[in-house]
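Data first, discussion second: the structure below is written as structure tokens.
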Amino acid sequence: MRTVALLAANALMLCAGLGLLPLLGVARSWRELLARSGLGYLCGLVAAGIVASNLALVHVSFGWIGLALLASLSLALGTWQLRGTARPALRRPTWLGGAAVAALVALLVEYGRAFAVAPLNRYDAWAIWALKGRSLYEFGWADPVVFAGHEYRFANLDYPLWLPSLEAIDFRAMGAFDTRLLHLQFLLFLVAGLAALAGLLRERVPALLLWPTLIAIALAPAVFDQLLTAYADIPLALVFAVGVAAAGRWLITNERWSLGVATLCFAGAALTKNEGLLFVAAAFLGLFAAAYSRWRALAVAAAVDVLVLLPWKVYVRIYDLHDINYSLTDTFDLGHVGGRLGVGPIAFRTLGREMIDPLAWGLIVPLFIVLVAAALVSGLRTLPLYALVWTIVSWLGLSWIYVVTHFEYSSYLDSTKARVIASIVLGSAALIPLLAAETWASSRDPGRLPTGGG
Amino acid sequence: VLPRVEDGIARDSQLTDVQRRQAAAVRLKLDPRPFDTFRATLRPRERYAVDVPPGEQGPFITKGEVVRAYSAFVFLPAIQVRTADRVFRYRFR
């Protein structure tokens, strides 16, 4: 019964996301809605998490009623937007697409058997995420007795509430704090991420590039291992990766809706972990560097993300919450940083080795590097420049954290290195099909320029 | 990948409900029984404090701080505070 309730809550989030697609401009007709419906589930998860986490700050609990209202409102507005537009046309799936979807479904079902029996026994999973999710479920909001409580400082109180809010939605839907079924939600994050990438990229890249990439993501041992821990790193990475791919598509096509999807996903990423804000800042830096002539649209997108994050930052300021692991303001503590500058290169190399570890991530990052180089050689500038800037800035930013932290760096690096890089790896994976398709097209027609100008 | 999946299923599917509830404590090498006993006496939102020696120092926090963190999680919706009439006492063996 609880499984049904969990799935029903996710079905409502899917409905909310499908209704959101016309409002974001992703679908301007029923036909486009069907073609891009893969984006619906992830958009619904992100939107529900954003709404629930912000309502949690003002003493409003978000459960069945909230979900039903969000889904109804979104569907009603989306339906109104699409009235009188072209009806969906069912296309016969290609044999490759059909086979890939069947393989992915089989893999996810197999994963599901493991997720259905996993215990919640990893430190960060219960000490940070499930503790906050349960507190939201039990108290109905981000009650400061816990969320700003001195005895709860160990729980990274300054981390935003997107993931705990989704966990709380699940607990409310199930009517219980069920740590076993909670793992299914993490598997559903993977389903949503893969579907979103398919919905986003299917029209732009050949099936031969898209489906192997999605299978490579799903098969990466680190994706399975880390999702099963119920940590936030892979959910963050999946949401961020869809944002990266949407922004990449926007660079090529200049379609406003792609930037809208990227903005939504970047807001979700920034509301998941503090490191998410680093990745989002790096992505915007890459976008500004690659498409500075379109700075107005980017400024609006960045402003929207700041606005979504603002209520949480106000809460953090009101209750004077601090990161217990590091403080970026220590960058200016020359006495502290001066003695630890040697940590930077060590962390940079260590994280780099983690990213190219084939036993964790397969060949995702080596392939990404080859494709960025090939894109540059073929004369492309916008997409590879964006890819280079956000990955390198993210990598440098993560490495800097180990410089400014007051923890002993080697222990801190050892305990986090495998998972903090997940967003860089999956973000890179999400760009692989676009990079390959654009490079291929450019090499066949050197005079061709992408719609976005280059 | 799939052998890892099968290993996980084989290992975790044998857990009873009690073992699954106590899995985090067992992983931390804590005795779960005192936590279960104290939890049964707590009411929602009741304030309690934790009395535990610092214990050995781990890479980031002491064993005592781990017990405080685990108590905060497992005793929800009761609320951990620094001092209270209700006190959970835990001693390392």
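Those residues that are within 18 Å of residue B:80 (Cβ to Cβ) and touching a Leu at 6+ places or on another chain (Cβ under 6 Å), I need them from the range A:114-128; list them, please. The one that is within 18 Å of residue B:80 (Cβ to Cβ) and touching a Leu at 6+ places or on another chain (Cβ under 6 Å): A:126. Residue B:70 fulfils the conditions (1) closer than 27 Å to residue A:144 by Cα; (2) more than 8 Å from chain A (Cβ to nearest Cβ) except for a single criterion, (2).
Of the residues A:155, A:218, A:168, A:222, which single one is in contact (Cβ under 8 Å) with a residue 12 or more places away in the chain, away from chain B (no Cβ under 11 Å) and among the aliphatic types (A, V, I, L, M)?
Values: A:155 fails: away from chain B (no Cβ under 11 Å); A:218 fails: away from chain B (no Cβ under 11 Å); A:222 fails: away from chain B (no Cβ under 11 Å).
Going through A:155, A:218, A:168, A:222 in turn, just one is in contact (Cβ under 8 Å) with a residue 12 or more places away in the chain, away from chain B (no Cβ under 11 Å) and among the aliphatic types (A, V, I, L, M): A:168.
Report yes if residue A:196 is in a helix (DSSP H, G or I), at pLDDT 95 or above and crowded, with 23+ Cβ neighbours inside 10 Å, otherwise no.
yes
Residue-by-condition table, conditions (1) farther than 30 Å from residue A:181 by Cα; (2) surrounded by 13 or more Cβ atoms within 10 Å (Cβ to Cβ):
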| position | (1), (2) |
| --- | --- |
| B:16 | no, no |
| B:20 | no, yes |
| B:24 | no, yes |
| B:36 | no, yes |
| B:59 | yes, no |
| B:71 | no, yes |
| B:74 | no, yes |
| B:85 | yes, no |
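Looking only at residues of the range A:83-117 that are of a type in the set (Lys, Arg) and touching a helix residue (DSSP H, G or I) at 6+ places or on another chain (Cβ under 7 Å), we find that the one that is nearest to residue B:16 (Cα to Cα) is A:113.
Scanning for something under 22 Å from residue A:18 (Cβ atoms) and either outside any helix (DSSP H, G or I) or polar (S, T, N, Q) (or both), does the range A:142-160 turn up at least one residue? Looking through the range A:142-160, none of the residues is under 22 Å from residue A:18 (Cβ atoms) and either outside any helix (DSSP H, G or I) or polar (S, T, N, Q) (or both). Scanning the range A:225-284 for residues that are buried (at least 24 other Cβ atoms within 10 Å of the Cβ), within 14 Å of another protein chain (Cβ to nearest Cβ) and either at negative phi or assigned to a helix (DSSP H, G or I) (or both) yields a count of 1. Could you look through the range A:129-152, keep only residues that are in contact (Cβ under 8 Å) with a residue 60 or more places away in the chain and under 21 Å from the mean Cα position of the chain (by Cα), and pick out the one that is farthest from residue A:2 (Cα to Cα)? Within the range A:129-152, the match that is farthest from residue A:2 (Cα to Cα) is A:129.
Filter the range A:307-337 down to the residues that are of a type in the set (A, V, I, L, M, F, W, C), surrounded by 12 or more Cβ atoms within 10 Å (Cβ to Cβ) and either closer than 23 Å to residue A:59 by Cα or at pLDDT 85 or above (or both) and list them by number.
Narrowing the range A:307-337 to residues of a type in the set (A, V, I, L, M, F, W, C): A:307-310, A:312, A:314, A:316, A:318, A:321, A:324, A:328, A:332, A:334, A:337.
Adding the requirement that they be surrounded by 12 or more Cβ atoms within 10 Å (Cβ to Cβ) leaves A:308-309, A:312, A:316, A:321, A:324, A:328, A:337.
Result: A:308, A:309, A:312, A:316, A:321.
Of the residues A:74, A:61, only one is closer than 28 Å to residue A:240 by Cβ, more than 14 Å from chain B (Cβ to nearest Cβ) and hydroxyl-bearing (Ser, Thr, Tyr); which? I'd like the intermediate steps shown before the answer.
On the way: A:61 fails: more than 14 Å from chain B (Cβ to nearest Cβ).
Going through A:74, A:61 in turn, the sole match is A:74.
The values are calculated or read from the model by the stated rules, or taken from the named source; none is laboratory data. In this text, all values refer to a predicted model and were calculated from it rather than measured experimentally. All Cβ positions, glycine included, derive from the backbone under ideal geometry; neighbour counts span all protein chains shown.
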